[in-house]
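Here the structure comes first, spelled out in structure tokens, and everything after it is commentary.
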Amino acid sequence: MRNEIGQVILVLVLVMTVALAIGISVIQRSISDISTASKAEQSSRAFSAAEAGIEEALNYPTHVNTSVNFTENNSMAEVTGGGLIPCIPGSSGCAQEEDSRQVALEYPPLAKEEVAHVWFADPDSSTNPPAEAYKGNSLDVYWGNSGTDMAALELTLVYHDGSKYTSRKWYLDNDAAGRNNFEQVNCTSSYSLAGYRCKKTIDTSPSGLMLLRARLLYNTSSQPFAVQAVGFCNTDCSLPPQARSIVSTGTAGTTQRKVELFQINKVVPPYFDYAIFSVGEINK
Amino acid sequence: MKIKNGFSLVEPLLVVVLVGLLVYLLASIPNSLQLITKSKHESLVREIAVKQIEDKRTVNYTNLVNGTSPISDPRLVLFQGSGTIVVGDCDPIICTNGEHIKEVTVLINWLDNNKTQNLTLKTMIGEGGINQ
């Protein structure tokens, strides 16, 4: 019949369209699978190299800004940092000039109720109490980076008054909604140390300073914490070198993986803040 | 008016082109399926290699002995794979100060479409390092 001309080609085109769609989807999938597998393999090689960089930096502390190159594996790692921080201005190996203000000791972001530990005394001292190191009368404390998820801060200063260990507490908060009876701090975000929302200068005038414990409260996201010594008199106005911050960037092909490590060797455990210490017997 | 019978030149040409394209696509499907299988194997091998390194990191440094040991992961048998994990001293070019570091290399070979594929992961484990 005259009006049936063209039906065969129509059916053929339809069949081909379906076949084309199937074929293209299979090819597409194979391409994306191969690409993903290749990237994942590069990523693993880069990560292993980055870990190797961390190992090298941990094992050879004085060898700062090193690198690890696995030529036959086409992977490598660049390591920055490695030495003890914060260094004392003017001391050997420290980039800071004599009589300049010591740079801040910046902790990696702290989760809610996670504890940061800062040494004022020499952490390697074998005496009891440990040898005094920081003798500054004040200390700048920085914390938080969010105006909505505002973090409060609990600080515990521990010092040795000549006969016994004593502590002094601060409870600081930027929130004005009265969620607690903490001391309210006006946060402006415009400080010489960038990236922090709040700052408080605390009194560290007691002699025999030992350590500072800091705990962020109320925050749902991890937020930064830092302390900076005040003064320009080198050793006495500087926190003792106590931490190591190492960043290792592994590279394989076009993929990079970064491993960051922050280490303080001698830290009292978190339950320290909740425990009761007594020279004599404790009676209920 | 004269009745037009048969096809114009464009119609058979179009059919030939479309049939050609269809044949090409159908012919490349098996190849694509092979590539999908290959990428699956690659991902699995990568997982096995990463696990081997993680397992080594849980071993105390003093118990890390130089030598080569086979990888015994049942998943490797599925595609005729085999592998070794090599523990050796750190290359003096990298560890210039006699650091207490071991170099750990995971080598895995397997067959895909009768071709040997391989994956090598290399890292280091040091005394007092990660997990130590």
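Nothing in this text is a laboratory measurement; each read-out follows from the coordinates by a stated rule. All values reported here derive from a predicted model rather than from experimental measurement. Counting neighbours? That spans all protein chains shown, and the Cβs are built from the backbone with ideal geometry, glycine included.
Among the listed pairs A:K135/A:K266; A:K39/B:K102; B:K102/B:K122; A:K169/A:K199, which are separated by more than 18 Å between their Cα atoms?
Where the Cα-Cα span goes over 18 Å, the pairs concerned are A:K135/A:K266; A:K39/B:K102.
Using θ = phi - 60° and the Karplus form 6.51 cos²θ - 1.76 cosθ + 1.60, what ³J(HN,Hα) does each residue of segment B:51-63 get, whole Hz, x for Gly and Pro?
5, 4, 5, 4, 4, 5, 5, 7, 7, 4, 3, 5, 8
Taking only Cα atoms and a 10 Å spring cutoff, compute GNM fluctuations for chain A and point out the largest among A:I85, A:I24, A:I34.
Fluctuation is largest for A:I24.
How charged is the neighbourhood of A:L193? Take every other residue with its Cβ under 14 Å from the Cβ of A:L193, and add Lys/Arg as +1 and Asp/Glu as -1.
+2
For segment A:163-284, compute Rh as the Kirkwood radius over C-alpha pairs and then the Stokes-Einstein diffusion coefficient at 37 °C and 0.692 mPa s; write the answer in µm²/s, rounded to an integer.
175
Give the order of B:W110, A:W119, A:W143, A:W170 when sorted by the count of other beta carbons within 10 angstrom, beginning with the fewest.
A:W170, B:W110, A:W119, A:W143
Would you tally the net charge around A:A104, using a Cβ to Cβ cut-off of less than 12 Å, leaving A:A104 out, and scoring K and R as +1, D and E as -1?
0
For a footprinting-style exposure proxy, rank B:K122, B:K40 by other Cβ within 10 Å, fewest first.
Ordered from fewest to most neighbouring Cβ atoms within 10 Å, B:K122, B:K40 come out as B:K40, B:K122.
Hey, in the GNM for chain A with a 10 angstrom Cα cutoff, which one of A:I31, A:I246, A:I54 fluctuates hardest?
Looking only at A:I31, A:I246, A:I54, the biggest GNM fluctuation is shown by A:I31.
Semi-axes of the equivalent ellipsoid of segment B:10-126: what are they in whole Å, largest first, if each equals the square root of 5 times a C-alpha gyration tensor eigenvalue? Can you show the working numbers first?
On the way: eigenvalues 439, 46, 19 Å².
Computed over segment B:10-126, the values are 47, 15, 10 Å.
For chain B, what does -39500 (n - 2.57) per DSSP helix run (n ≥ 4), summed and divided by total residues, give at 222 nm, in deg cm²/dmol to the nearest 500?
On the way: 2 runs with 52 residues, N = 132.
Mean residue ellipticity, 222 nm, calculated: -14000 deg cm²/dmol.
Can you work out D for the protein assembly as shown in µm² s⁻¹ from Stokes-Einstein, where Rh is the Kirkwood radius over C-alpha pairs, the temperature is 10 °C and the viscosity is 1.306 mPa s?
The diffusion coefficient I find is 59 µm²/s.
Mind giving me the nanometre distance, one decimal, between the label points for B:N63 and A:S189, set 7 Å out from Cα along Cα→Cβ?
Distance between label points: 5.1 nm.
Please compute the contact order of segment B:10-126 in relative form: average sequence separation of alpha-carbon pairs under 8 Å and at least six residues apart, divided by the residue count, as a percent.
Relative CO of segment B:10-126 lands at 21 percent.
Can you list residues from other chains, or at least 5 along the same chain, whose modelled amide H is less than 5 Å from the amide H of A:V230?
A:S138, A:D140
Calculate one ³J(HN,Hα) per residue across segment B:103-112 by plugging θ = phi - 60° into the Karplus curve 6.51 cos²θ - 1.76 cosθ + 1.60, and present them in order as whole Hz with x for glycine and proline.
Per-residue couplings from phi come out as 9, 10, 10, 10, 10, 10, 10, 8, 9, 9 Hz.
Specify the residue with the greatest mean-square fluctuation among B:S82, B:S28, B:S39, computed from a Gaussian network of chain B linking alpha-carbon atoms under 10 Å apart.
So, out of B:S82, B:S28, B:S39, the one fluctuating most is B:S28.
A:V141: net charge of surrounding residues, Cβ under 14 Å, Lys/Arg +1, Asp/Glu -1, itself excluded?
On the way: positive: A:R168, A:K169, A:R197, A:K199, A:K200, A:R213, A:R215; negative: A:E106, A:D140, A:E154, A:D173, A:E183, A:D203.
Summing Lys and Arg as +1 and Asp and Glu as -1 gives +1.
Among B:H41, B:H100, rank each residue by its count of other Cβ atoms within 10 Å, from fewest to most, as a rough exposure measure. Spell out each step's value before the answer.
Values: B:H41 21, B:H100 17.
Ascending Cβ contact count within 10 Å gives the list B:H100, B:H41.
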